[in-house]
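*Asks:* My structure is below; once you've seen it, I'll send some questions.
What follows is calculated from the coordinates using simple rules that are stated; it is not laboratory data. Given the structure is predicted, the values throughout are model-derived calculations rather than measurements. Every residue, glycine as well, gets a Cβ built from its backbone with ideal geometry; the counts of neighbours run over all protein chains shown.
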Ligand SMILES: NC(=O)c1ccc[n+]([C@@H]2O[C@H](COP(=O)([O-])OP(=O)(O)OC[C@H]3O[C@@H](n4cnc5c(N)ncnc54)[C@H](OP(=O)(O)O)[C@@H]3O)[C@@H](O)[C@H]2O)c1
């Protein structure tokens with residue numbers, strides 16, 4: 001039975017916009033409840049243009065009661081807002097557990113977007129001779145360095161998806177560096193993040209000398225991966241949990257954070273927003289306040305193969321058509 005309703009958390013975002021548009025094409029019958037903060041007519045209209053089945057649920061990730069109540073009403077929840085905000089994950093799981101206990105017709109589905117921070121090698125922005133390339137075939141969260149980012153939320157989701165009494169199908173997607181153009185003028189979470197730090201420091205920068213990189217993936221391929229995994233879960237209600245873990249990366253050439261921030265520094269300098277062009281390592285006073293979170297996420301390598309998605313017929317077609325190096329300039333221009 002096809003799902004009738006879905007809750008999208010993060011619909012107005014870089015990934016969320018492409019996802020909503022793709023859902024309109026592939027699942028036009030699906031009624032979409034979309035959590036939205038700071039709602040304006042413009043924001044609501046932009047989303048409705050991408051998918052006419054959208055209904056706005058006003059609230060933020062901090063509004064656990066609103067998220068739980070919305071999750072309880074739907075067949076599918078897709079969370080593409082934040083990999084690390086655990087209360088929002090708990091609220092989704094609480095709502096879906098209630099749904100599972102009252103509706104025996106369909107096992108509710110939860111897809112969560114995490115990231116490659118889980119497998120970070122914690123080299124503190126230093127060049128190393130060997131970087132492990134991970135596969136998601138046989139991948140377990142227990143294989144990851146235990147203090148890595150995202151894991152706190154991911155473990156809760158995995159646990160819910162493996163406990164038979166919860167009755168929830170879960171999947172966690174781990175994209176690498178997501179790039180491309182958004183459906184609205186925004187460019188993914190890392191662009192404003194690095195820009196904000198650069199403006200505060202007076203120069204673009206990195207965590208460490210940073211010849212480190214994550215494998216990259218085009219935003220349209222990420223949206224297609226979400227739909228591919230949704231199809232996989234819908235085919236068989238016993239799927240999910242420990243077989244619901246998917247890397248989402250391409251094998252196309254990526255760029256190190258140092259190279260990306262060098263381009264960013266030149267753009268910011270041309271706009272008079274920093275004192276010098278190019279990039280240099282951020283001083284301790286800028287990098288250290290983010291603590292292990294910053295070093296682990298931004299001073300590490302993340303190299304993976306999306307072997308399981310490949311086995312399901314997904315391929316990174318947009319990453320081949322529009323490689324990172326061809327769009328990085330424009331996406332930084334738009335996103336800062
Ligand atoms: N971008 C990457 O390279 C990358 C890499 C790996 C993993 N990820 C993960 O992939 C997911 C999507 O990333 P993205 O780049 O699409 O992010 P994004 O463009 O920053 O979008 C985030 C979305 O979540 C919403 N949101 C954020 N905080 C919220 C809050 N407190 N309350 C309500 N809504 C909130 C935003 O709403 P507004 O429109 O109001 O801002 C937006 O819709 C995230 O889980 C991210 O951690 C991203």
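*Asks:* Sorted by mean Cβ packing within 10 Å, highest first, what order do the peptides 181-194, 320-333 take? Walk me through the numbers on the way to the answer.
*Replies:* Values: 181-194: 18.6, 320-333: 16.5.
Sorting 181-194, 320-333 by mean packing, highest first, produces 181-194, 320-333.
*Asks:* Based on the Cα coordinates of segment 225-293, what is the per residue volume of their convex hull in Å³?
*Replies:* Spread over its residues, the Cα hull of segment 225-293 gives 172 Å³ apiece.
*Asks:* In Å, what is the Rg of the alpha-carbon atoms in segment 182-229, and how long is Dmax?
*Replies:* 14.3, 43
*Asks:* Viscosity 0.692 mPa s, temperature 37 °C: Stokes-Einstein D of the chain from its Kirkwood Cα radius, in µm² per second?
*Replies:* In µm²/s, the coefficient rounds to 162.
*Asks:* Could you give the length gained by full extension between residue 271 and residue 104, i.e. 0.36 nm per residue of separation minus their alpha carbon distance, to one decimal place? Show your work: numbers first, answer last.
*Replies:* Details: separation 167, 0.36 × 167 = 60.12 nm, distance 5.77 nm.
Going from the current span to full extension adds 54.4 nm.
*Asks:* Taking the highest mean first, how do the peptides 248-255, 88-95, 237-244, 124-131 order by number of other beta carbon atoms within 10 angstrom per residue?
*Replies:* Top to bottom by mean Cβ count within 10 Å: 88-95, 248-255, 237-244, 124-131.
*Asks:* To the nearest whole percent, what portion of all C-alpha pairs in segment 140-195 is separated by more than 19 angstrom?
*Replies:* Tail of the P(r) past 19 Å holds 50 percent of the pairs.
*Asks:* If I model a spin label at residue 251 and residue 129 as a point 7 Å from the Cα along the Cα→Cβ vector, what separation in nanometres do I get?
*Replies:* Taking the two extended label points, one gets 2.6 nm.
*Asks:* Given contacts defined as C-alpha pairs under 8 Å and at least six residues apart, what's the relative contact order of segment 64-220, whole-number percent? Walk me through the intermediate numbers first.
*Replies:* Numbers: 213 pairs, mean separation 41.0, N = 157.
In percent, rounded to a whole number, it is 26.
*Asks:* Related question: Which whole-number percent is the relative contact order of segment 103-191 (Cα, under 8 Å, 6+ apart)? Walk me through the numbers on the way to the answer.
*Replies:* Numbers: 77 pairs, mean separation 38.3, N = 89.
Dividing the mean separation by the residue count of segment 103-191 yields 43 percent.
*Asks:* Using 0.36 nm times the number of residues separating residue 211 and residue 196, minus their current alpha carbon distance, what extension gain do you get?
*Replies:* 3.3 nm
*Asks:* So how many Å³ per residue does the convex hull of the Cα atoms of segment 48-183 work out to?
*Replies:* So the per-residue hull volume is 150 Å³.
*Asks:* Oh, and also: Need one number: nm distance between label points at residue 165 and residue 25, each 7 Å from Cα along Cα→Cβ, rounded to one decimal.
*Replies:* So the two model labels end up 4.4 nm from each other.
*Asks:* When only alpha-carbon atoms count, how far does segment 10-124 stretch along each of its three principal axes, as whole angstroms with the largest first?
*Replies:* Result for segment 10-124: principal-axis Cα extents of 46, 36, 28 Å.
*Asks:* Let me ask something additional. Using only the Cα atoms of segment 119-223, what do you get for the radius of gyration and for Dmax, in Å?
*Replies:* For segment 119-223, the Cα radius of gyration and maximum Cα-Cα distance read 16.9, 53 Å.
*Asks:* In addition: In nm, give the distance between the simple-model label positions of residue 238 and residue 290, each being 7 Å from the Cα along the Cα-to-Cβ direction.
*Replies:* Using points 7 Å along Cα→Cβ, the separation is 4.3 nm.
*Asks:* What value, in deg cm²/dmol to 500, does the helix sum -39500 (n - 2.57) over DSSP H runs of n ≥ 4 give at 222 nm once divided by the residues of the chain? Don't skip to the answer; put the middle values down first.
*Replies:* On the way: 13 runs with 138 residues, N = 336.
After summing the helix terms and dividing by residue count, I get -12500 deg cm²/dmol.
*Asks:* Then there is this: Give the share of C-alpha pairs in each 5 angstrom bin for segment 46-105, from 0 to the last occupied bin, in whole percents, shortest bins first.
*Replies:* So the P(r) values, bin by bin, are 4, 18, 25, 23, 17, 11, 2, 0.
*Asks:* Please give the length that would be gained between residue 69 and residue 55 if that part of the chain were fully extended, namely 0.36 nm times their separation in residues minus their C-alpha to C-alpha distance (nm, one decimal).
*Replies:* 3.6 nm
*Asks:* Could you estimate the translational diffusion coefficient of segment 234-336 from the Stokes-Einstein equation, with Rh from the Kirkwood formula over C-alpha pairs, at 37 °C and 0.692 mPa s, in whole µm²/s? Spell out each step's value before the answer.
*Replies:* Numbers: Rh = 16.9 Å.
Using the Kirkwood radius from Cα pairs, D works out to 195 µm²/s.
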